[in-house]
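Notes follow the structure.
Every read-out reported here was derived from the displayed coordinates using simple, explicitly stated rules and does not represent laboratory data. Keep in mind the model is a prediction, meaning the values are calculated, not measured. All Cβ positions, glycine included, derive from the backbone under ideal geometry; neighbour counts span all protein chains shown.
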Amino acid sequence: MIRFLQKTSAIFLTTALSVLLLTACGTANTNTSNSNTTATPLPTAETTAEKPSTRSYKDVLGRTVEIPAAPEKIIAHYYAAELKALNVPMIETNFMNAKLALTDEQLKGIEDIGGDGLSPNLEKTLSLKPDLILVPDFLEQDDVEALSKIAPTVAISYSADVFTRLLFIAY
């Protein structure tokens with residue numbers, strides 16, 4: 001009987017937590033008591049055309065980088081798993097590092113950035129004409145500057161926990 005009660009309690013607790021989690025994730029902002037709020041109009045051709053094509057982004061090296069608002073060709077040197085998790089388009093990565101977390105199937109259609117030691121292959125990077133390059137903060141300053149001449153280059157903390165990296169990339 002005690003075993004039955006434990007099992008029933010565990011099922012009830014799991015169900016209650018799931019409902020609570022789903023309710024919290026699905027809650028919309030329904031606060032209508034403030035009469036000073038104005039409705040945001042739906043996007044139209046005019047409003048979407050006004051969106052800037054670039055935005056300023058401050059990386060972990062303290063540099064302000066002008067990056068595309070919606071990059072489509074991203075090179076992720078050391079951050080392939082994070083980009084895959086966020087479903088961000090990636091054209092090239094460091095396979096030596098990426099294969100530690102991703103399968104060959106997940107890397108299908110993505111070029112290997114190769115390179116010498118920690119540095120990516122600049123010629124290959126240049127040939128792919130990326131919109132944005134993401135690099136770890138341990139890359140040499142000369143390499144970051146060389147990549148910055150190819151495309152906007154953002155340094156991300158390699159030692160940060162994965163959740164911080166995901167938030168930094170998603171922002």
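Couple of notes before you dig in:
- The orientation-averaged shadow of the Cα convex hull for the stretch 49-147, equal to a quarter of the hull surface, comes to 6.9 nm².
- Modelled spin labels at residue 87 and residue 70, positioned 7 Å past Cα toward Cβ, are 1.5 nm from each other.
- Peptides 122-134, 94-106, ordered by how many other C-beta atoms sit within 10 Å of their residues on average, highest first, read 122-134, 94-106.
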